[in-house]
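The values are calculated or read from the model by the stated rules, or taken from the named source; none is laboratory data. Not measured: the values here are computed from a predicted model. Glycine gets a Cβ as well: all are built from the backbone with ideal geometry, and neighbour counts include every protein chain shown. With ligands, DNA and RNA removed, areas are computed over all heavy atoms of the protein, side chains included. Shrake-Rupley method; radii C 1.70, N 1.55, O 1.52, S 1.80 Å.
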Amino acid sequence: MQPRSRRVPGAEGVELHLLEWSEEGVPFVLLHGFSNDAHIWEDFAPTIAPHYRTLAFDLRGHGDSDRHAEALYDYDHHLADLEAAFESLDVDRLVLCGHSFGGRVATLYAGRHPDRLAGLVIVDSAPELDSRGVVRIQVDLAERGDASFASVAEYERMLTHAYPAAKPAALARMARTGLRLRADGRYERKTDPAFHRRAAQASPDEASARERETVRRLWKALEKVTCPALVVRGAASDIFSPEVADRMVDEVLANGRLALVAQAGHSVMTDNPEGFAEAVASFALS
């Protein structure tokens, strides 16, 4: 099943790219994590496309969506993009599914618009993150940085280190869709380098204060979610701790449940596509 490629208006003059697998039914909207794009959902989307209007966005600064000239990539800018895009697409009530950074965006949107959510799926994302995984990702970003590549194959080899458990087909797709060709014949990542450069330039005190405020907002947002919610955790995740997952489901979400996907780390949908699809389908199609 091949998706249709579309562009829609976001906020502040930014245009967003999205993939659309089907046009009928309640919208099921997919949000990728940092440095990924809408194609990360290609293994999963056909599972639900016969039952939902299935859409996957490239967040601003990612994939084929616009970069922002002033690097405005805070959570509220992504929320404004979704609000504008949903209005353009005539999306009123929806199921929202987000992974990692996209999971935090989805959580904040759900807290702002709980009456619009028919369901929420949070994939290896949480208000509080495990420091082990945060450090690993920071090191990975520092190594990749603004690097360019002589070929798609060279980038794919780099991805095997960043995603050690991912299936080969997923890695090949990530490499193929995640690069753009420069005028000098080399390839660069589509993700705007300014996205993480701005965060890296913040002082430790500034970064810590910003994260504390984000954590507070995310827990408050989860308290407002009344729709059925699925929290998906990769069994080997170094980002999402079992303790935080249990708190989300047992103490905060009014109607939440937890799915643990075996043989998967943080990137659940690329590490165990079948296990991820089974977990989410059992929630979305029940």
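Table for the structure above
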{"read-out": "Evaluation of residue 42 against (1) open to solvent by 50 Å² or more (accessible area, probe 1.4 Å); (2) in contact with a strand residue (DSSP E or B) (Cβ under 6 Å, 6 or more places away or on another chain) (one fails), failing number", "value": "(2)"}
{"read-out": "Subset of the stretch 229-285 (residues that are in a helix (DSSP H, G or I) and either closer than 20 Å to residue 137 by Cα or in contact with a Lys or Arg (Cβ under 9 Å, 6 or more places away or on another chain) (or both))", "value": "242, 244, 245, 249, 268, 269, 270, 271, 273, 283"}
{"read-out": "Single condition residue 226 does not satisfy, out of (1) touching a residue at least 60 places away in the same chain (Cβ under 8 Å); (2) out of contact with any strand residue (DSSP E or B) (no Cβ under 9 Å at 6 or more places or on another chain); (3) surrounded by fewer than 20 Cβ atoms within 10 Å (Cβ to Cβ)", "value": "(2)"}
{"read-out": "Of all residues in the stretch 155-190 being open to solvent by 40 Å² or more (accessible area, probe 1.4 Å) and assigned to a loop (DSSP other than H, G, I, E, B), the one that is farthest from residue 2 (Cα to Cα)", "value": "184"}
{"read-out": "Residue check, residue 30 in contact with a helix residue (DSSP H, G or I) (Cβ under 7 Å, 6 or more places away or on another chain), under 24 Å from residue 169 (Cβ atoms), assigned to a loop (DSSP other than H, G, I, E, B) and not polar (S, T, N, Q)", "value": "no"}
{"read-out": "Failed condition for residue 30, given (1) open to solvent by 40 Å² or more (accessible area, probe 1.4 Å); (2) of a type in the set (A, V, I, L, M); (3) within 28 Å of residue 136 (Cβ to Cβ)", "value": "(1)"}
{"read-out": "When residues of the stretch 53-73 are limited to those that are open to solvent by 30 Å² or more (accessible area, probe 1.4 Å) and of a type in the set (Lys, Arg), the one farthest from residue 118 (Cα to Cα)", "value": "67"}
{"read-out": "Residue check for residue 76: assigned to a loop (DSSP other than H, G, I, E, B), acidic (Asp, Glu) and either at pLDDT below 95 or open to solvent by 30 Å² or more (accessible area, probe 1.4 Å) (or both)", "value": "no"}
